[in-house]
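Heads up: the structure comes next, in structure tokens.
Every read-out reported here was derived from the displayed coordinates using simple, explicitly stated rules and does not represent laboratory data. For clarity, every value in this text was computed on a predicted model and none was experimentally measured. Virtual Cβ from ideal backbone geometry, glycine too; neighbours counted across all protein chains shown.
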Ligand SMILES: [Zn+2]
């Protein structure tokens, strides 16, 4: 990865403001689990990240080109050090996704959408949705 400390620091501050949550020191691709130090580029979404290698693989899938299985490491087969490094990114994504889900529910409730309508796509009872999100 080409070091671009100023650009990265700016992007981090912007994302932290948007999501309202501090980013872990090292970020990882949400698809392959590689750290930002292992890839050329890591692109941020609201709660997930994707590396240039996974983007290239996605482009192959979209273009109906064969995707080589070699080179793909199952996340849990990584070394202990790599898994320890990955924990911060996965925790960030889980917390940020939960916050985003709560924001969606809050917005729907502000629009006076019923708990029953919110519960249905979640596959839970109206009571469960209310207990979880109110
Ligand atoms: Zn990746």
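List of remarks:
- Segment residue 114..residue 94, full-extension length gain: 4.6 nm, with 0.36 nm per residue of separation and the alpha-carbon distance subtracted.
- Restricting the calculation to Cα atoms, region 28-76 shows an Rg/Rh of 0.97 when the hydrodynamic-style radius is the Kirkwood one.
- Relative contact order of region 1-111, pairs being alpha-carbon contacts under 8 Å that are 6 or more residues apart, as %: 26
- Between 0 and 90°, nearest 10: helix 80-110 axis offset from the chain longest Cα axis: 30
- Residue 63/residue 83 FRET efficiency (R0 30 Å; Cβ-Cβ; nearest 0.05): 0.35
- Sorting 30-43, 89-102, 56-69 by average packing, meaning the other beta carbons within 10 Å per residue, from highest down gives 30-43, 89-102, 56-69.
- Note on residue 103 and residue 122: the extension gain reaches 5.4 nm, defined as 0.36 nm multiplied by sequence separation minus the Cα-Cα distance.
- Tilt relative to the chain, helix 5-19 - C-alpha long axis, 0 to 90 degrees, to 10: 10
- Using only alpha carbons, the chain has a radius of gyration to Kirkwood radius ratio (Rg to Rh) of 1.06.
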